[in-house]
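*Asks:* Submitted below is the structure of interest, expressed as C-alpha cells.
The values are calculated or read from the model by the stated rules, or taken from the named source; none is laboratory data. Owing to the predicted nature of the structure, the values given are computational and were not obtained by experimental measurement. Cβ: placed from backbone, ideal geometry, glycine included. Neighbour counts: every protein chain shown. Heads up: the accessible areas ignore ligands, DNA and RNA and are worked out on the full protein's heavy atoms, side chains in. Shrake-Rupley method; radii C 1.70, N 1.55, O 1.52, S 1.80 Å.
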Amino acid sequence: MKNYDDIKEEIESKENGNLHLEGAPLRCNYLKEIASITQRNVISYYSSFLEDDDKTISEIEDEDLTGFINAVSSMDTSVGLDLIINTPGGSVEAAESIIKYLHSKFNDIRVIVVVACLSAGTLIAASSNTILMGPNSFLGPTDPQFFSGIPASSILKEFDRAKKEIEEDPSKKEYWEMRLKGYPIGFNEYVKDSIRIVKDDLREWLSSYMFVDLDDGSKKEKTINKIINTLINPKKTHSYHFSYKDCLDMGLKVESLEEERYYLLYQNLLCLHYCYVLSFQDGKPGKLIEASNGATYYVGAKHRA
C-alpha cells in the first residue's frame, strides 16, 4: 500500500516536479482505476480547506454546478455515480442545485467520504442512496451559520434570553436593545426560517433517495426524524465530527470502507486523497471537480492574490 510519502516521491520524480501539474495525470489515473473497480461513474469534488487558511475559496458555491455539468458530460448515467467529497460546506442553495442536477441524471448515487464532508456537504451526502466512510472519515452538523460561523441555534438562544430577561426585569430592555441592534430587522424570523428550510430539505431528500424503498411508513418517519434531530442539534457545535459509527447509530445508510470487499477501493481512494493534499499544498486551486472520464474543472484559484 502506497502512503503519502510514496505519492509525493512519485510526483517529485517527474521531469517538472511540480506537485500540482505533475499530480494531475496521477489523479486522473486513480479516478479511472476507482471507476474500473466499482464499474460506476466517478466524480471527485475536492477542496483545499484542510490545507488552506482561506476557507472561502473552498466552500460550496453556485459556480461548482458548472464543474459538475462538465464532469457528467459523456458519462453513461445508467450505471450510477460514486461522488467522492471533501468539503467544509458552504451555500445550502448551491448544494441544493448540485443535488437536484445530479439526481436528474443518475438513479443511484453513492457518496464516498475519505476524510471530511461538513455542513452543506453533509446535505449532499444525506441526499445520496448510500454513504461510504473510512475509519477516519466524518460528517458535520447541518445547522445554518451566520456572520462567518455563528450557529443559528446560538443566535436564537440570545433572542430567547433577551425576551426572558426583559419580561422578568423591564429595566434590561435598553441593554438588550443596544446588544441586539447589530442584527437587521426581522433577523430572528429569518434564522428560524433558515433552520426550517434545512430540516425540510433533509426530510425531502432522505425520504426521496436514501429511504425511498423503506415501505414501513412509521419506521421511515422515525428514522428520518432521528437523523434530522441529530444533524441539527443545538447541543452540538458546528465543528462536531460524526464518525462512521455515529452515522450508523443515527440511522444513515452507511457502509465501512474497512470491509474486505472495499479493500482495493479504499487503497486507491487513499492514494487519490494524497494526490489532492499535495496539489493543494502547492498553493494551487481551492477546489477541483474531476471525473473518471477525464473531465477537470478548477474553482477558487482566481480568488487568490
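*Asks:* Do we find that A152 is at pLDDT 90 or above and among the hydrophobic types (A, V, I, L, M, F, W, C) in this structure?
*Replies:* Details: at pLDDT 90 or above: no; among the hydrophobic types (A, V, I, L, M, F, W, C): yes.
Judged against the criteria, A152 is not a match.
*Asks:* Of these, A120, A125, A71, which one is touching a Cys at 6+ places or on another chain (Cβ under 9 Å) and not basic (K, R)? Reasoning before the result, please.
*Replies:* Numbers: A120 fails: touching a Cys at 6+ places or on another chain (Cβ under 9 Å); A71 fails: touching a Cys at 6+ places or on another chain (Cβ under 9 Å).
Within the list A120, A125, A71, the selection yields A125.
*Asks:* So, of the residues in region 282-305 that are open to solvent by less than 20 Å² (accessible area, probe 1.4 Å) and among the charged types (D, E, K, R), which turns out to be modelled with the highest pLDDT?
*Replies:* E290
*Asks:* Right, something else. Would you call Y298 under 30 Å from E9 (Cα atoms) and touching a Pro at 6+ places or on another chain (Cβ under 7 Å)? Even if it seems obvious, please write down each step before you answer.
*Replies:* On the way: under 30 Å from E9 (Cα atoms): yes; touching a Pro at 6+ places or on another chain (Cβ under 7 Å): yes.
So Y298 fits the description; yes.
*Asks:* Scan region 1-29 residue by residue and report those that are among the basic types (K, R) and either at pLDDT below 80 or open to solvent by 70 Å² or more (accessible area, probe 1.4 Å) (or both).
*Replies:* Passing the criteria: K2, K14.
*Asks:* Mind listing whichever residues of region 30-61 are open to solvent by 30 Å² or more (accessible area, probe 1.4 Å) and modelled with pLDDT of 95 or more? Spell out the reasoning first.
*Replies:* Step one: list which residues in region 30-61 are open to solvent by 30 Å² or more (accessible area, probe 1.4 Å), which gives 32-33, 36-37, 39-40, 50-51, 53-56, 59, 61.
K32, E33, S36, I37, Q39, R40 - these are the residues of region 30-61 that are open to solvent by 30 Å² or more (accessible area, probe 1.4 Å) and modelled with pLDDT of 95 or more.
*Asks:* From the list Y209, Y297, Y266, Y276, which residue is closer than 20 Å to L132 by Cα, in contact with a strand residue (DSSP E or B) (Cβ under 6 Å, 6 or more places away or on another chain) and of a type outside the set (A, V, I, L, M, F, W, C)? Quick ask: steps written out before the conclusion?
*Replies:* Numbers: Y209 fails: in contact with a strand residue (DSSP E or B) (Cβ under 6 Å, 6 or more places away or on another chain); Y297 fails: closer than 20 Å to L132 by Cα; Y266 fails: in contact with a strand residue (DSSP E or B) (Cβ under 6 Å, 6 or more places away or on another chain).
From the options Y209, Y297, Y266, Y276, the qualifying one is Y276.
*Asks:* Then there is this: Would you be able to tell me the number of residues in region 205-250 that are crowded, with 19+ Cβ neighbours inside 10 Å, modelled with pLDDT of 95 or more and in a loop (DSSP other than H, G, I, E, B)?
*Replies:* 1
*Asks:* Considering Y298, Y266, which residue is in a helix (DSSP H, G or I), within 21 Å of the chain's Cα centre (by Cα) and aromatic (F, W, Y)? Steps first, please.
*Replies:* Numbers: Y298 fails: in a helix (DSSP H, G or I).
Answer to the selection: Y266.
*Asks:* Run Y262 past the list (1) in contact (Cβ under 8 Å) with a residue 40 or more places away in the chain; (2) under 21 Å from T87 (Cα atoms) and report the number of the one that doesn't hold.
*Replies:* Answer for Y262: the failing condition is (2).
*Asks:* Any residue that is touching a residue at least 40 places away in the same chain (Cβ under 8 Å), polar (S, T, N, Q) and out of contact with any Leu (no Cβ under 8 Å at 6 or more places or on another chain) - is there at least one of those in region 216-226?
*Replies:* First, the residues of region 216-226 that are touching a residue at least 40 places away in the same chain (Cβ under 8 Å): none.
Among the residues of region 216-226, not one is touching a residue at least 40 places away in the same chain (Cβ under 8 Å), polar (S, T, N, Q) and out of contact with any Leu (no Cβ under 8 Å at 6 or more places or on another chain), which makes the answer no.
*Asks:* Output yes when any residue across region 128-145 is open to solvent by 20 Å² or more (accessible area, probe 1.4 Å), at positive phi and not in a helix (DSSP H, G or I), and no when none is. Lay out the reasoning, then the answer.
*Replies:* In the first step, residues of region 128-145 are kept if they are open to solvent by 20 Å² or more (accessible area, probe 1.4 Å); the result is 129-130, 135-136, 138, 145.
Still in the running and at positive phi: none.
No, region 128-145 contains no residue that is open to solvent by 20 Å² or more (accessible area, probe 1.4 Å), at positive phi and not in a helix (DSSP H, G or I).
*Asks:* Another one. Can you confirm whether I124 is outside any helix (DSSP H, G or I) and surrounded by 21 or more Cβ atoms within 10 Å (Cβ to Cβ)? I'd like the intermediate steps shown before the answer.
*Replies:* On the way: outside any helix (DSSP H, G or I): no; surrounded by 21 or more Cβ atoms within 10 Å (Cβ to Cβ): yes.
The answer is no for I124.
*Asks:* Among the residues of region 147-171 satisfying the criterion of being without any contact (Cβ under 8 Å) to a residue 12 or more places away in the chain, under 39 Å from the mean Cα position of the chain (by Cα) and in a loop (DSSP other than H, G, I, E, B), which is farthest from V191 (Cα to Cα)?
*Replies:* Among them, the one singled out is S148.
*Asks:* Next up: Please give the number of the condition L83 fails out of (1) open to solvent by 10 Å² or more (accessible area, probe 1.4 Å); (2) closer than 30 Å to E51 by Cα.
*Replies:* Evaluating L83 over (1) open to solvent by 10 Å² or more (accessible area, probe 1.4 Å); (2) closer than 30 Å to E51 by Cα leaves (1) as the failure.
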